[in-house]
Amino acid sequence: MIESIKRMVGEKKTGRSKEELLSSIRKFPLPEHVAIIMDGNGRWAKKRGLPRTAGHAAGMKRVRETIRAADELGIKVLTCYSFSTENWKRPKDEVAYLMKLPIEFLKTDLQELIDRNVKVQMLGEKSRTPSQTQLALTEFEEKTKHNTGLILNFAINYGSREEIVQAIREIIDEVQKGNIDKDQIDQDLINQHLLTRGLPDPDLIIRTSGEIRISNFLLWQLAYSELWFTDALWPDFTPELFYQAIEDFQRRSRRYGAV
Ligand code: IPE
Ligand code: IPE
Ligand code: MG
């Protein structure tokens, strides 16, 4: 990443310990909703001469650590972009491997998520995923639906443009049925028809792997999100980097168009 852009939007070398970062973060308001574009698994594996799937396996560990870090800090909503509507274009084997990860994650992590009072939700159309994957995703949602702690969204088969298209269809349907008048369509109504209905917009969006783009993620919701980028590949993303992103967020001045 170009150095000057890096200084503006992302990672700085802090050289501080986890404890120092945490005590600094705890002094200021936290972002309510943090959303992460977990990118760079394939490159991480390639650098090591491993198949791309090894990068996805390594990335899973970071998902677990990041959930723990978010939960322990008291973040309200964490959204993890796990598989996009465009990721179906990847080789069959890789897609099949990615679709198995939720099944694996269910076995290893469901109990911990229940113990942590985490509520797991999915953003994205489950029905296109293999039946075993759908079962795992549904079990996550079912077994945690009454939990009241961290809301953990997995964006799987998620695409923001498709989400907006669906919202438009639903709203037109409501107008045609005469349930609402065209003039009643406003930002709130659109929010209610998005997959993120009921959730606050992301305050902070993190993207790993040095790519400075959004890749069809939460396009409507990110209107006033703070963006934070790091060169770290997702399997190298540590809780320290997560804390650093939050600390940088806390230093930003959010104006929402005002002065
Ligand atoms: C992110 O890592 C995981 C998914 C998109 C599923 P990538 O698989 O995109 O890794 P790179 O970007 O090719 O390195
Ligand atoms: C974005 O990463 C999607 C996820 C992290 C799930 P991609 O690797 O698919 O994005 P592009 O292709 O680099 O834009
Ligand atoms: Mg990628």
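The values are calculated or read from the model by the stated rules, or taken from the named source; none is laboratory data. It should be emphasised that the depicted structure is a prediction, and the values quoted were computed from it without experimental measurement. When we count neighbours, we look across all protein chains shown, and the Cβ atoms used for this are built from the backbone with ideal geometry, even at glycine. These area figures cover heavy atoms from the full protein model, side chains too; ligands, DNA and RNA do not enter into them. Shrake-Rupley method; radii C 1.70, N 1.55, O 1.52, S 1.80 Å.
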Legend entry - Residues of segment 60-172: accessible area per residue with a 1.4 Å probe, Å²: 50
Legend entry - Euclidean distance of C-alpha centroids, segment 136-182 and segment 46-85, integer Å: 23
Legend entry - segment 186-259, accessible area per residue, ligands and nucleic acids excluded (1.4 Å, Å²): 45
Inset, instruction - Could I get the Rg over Rh figure for segment 96-159? Both from C-alpha atoms, Rh via Kirkwood, rounded to two places. - result: 0.95
Legend entry - Among the listed pairs Lys119/Lys182; Lys27/Lys145; Lys61/Lys145; Lys18/Lys76; Lys61/Lys100, those beyond 26 Å (Cα-Cα): Lys119/Lys182; Lys27/Lys145
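Which value, in debye to the nearest 20, gives the size of the charge dipole of segment 123-259 about its Cα centre, when Lys and Arg are +1 and Asp and Glu are -1 at the Cβ?
Computed charge dipole of segment 123-259: roughly 60 debye.
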Legend entry - Space enclosed by the convex hull of the alpha-carbon atoms of the chain, per residue, Å³: 151
Legend entry - Solvent exposure, largest accessible area first (probe 1.4 Å, DNA, RNA and ligands not counted), of Arg48, Arg68, Arg116, Arg255: Arg255, Arg48, Arg68, Arg116
Inset, instruction - Might you report the magnitude of the Cβ-based charge dipole of the chain about its Cα centre, with Lys and Arg at +1 and Asp and Glu at -1, to the nearest 20 debye? - result: 880
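Leaving ligands, DNA and RNA out of it, report the carbon-plus-sulfur percent of the accessible area of segment 85-150 at a 1.4 Å probe.
Numbers: 1960 of 3820 Å².
Summing carbon and sulfur atoms, their accessible area is 51 percent of the total for segment 85-150.
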Legend entry - Calculated from backbone phi, Karplus (6.51, -1.76, 1.60) coupling profile of segment 185-191 in Hz, x at Gly/Pro: 6, 9, 4, 4, 5, 4, 3
Legend entry - Positive dipole terminus of the chain, leading residue within Ile212, Thr196, Thr148 (C-beta point charges): Ile212
Legend entry - Calculated [θ] (222 nm, deg cm²/dmol) that DSSP helices of n ≥ 4 give over the chain, each run adding -39,500 (n - 2.57): -14500 deg cm²/dmol
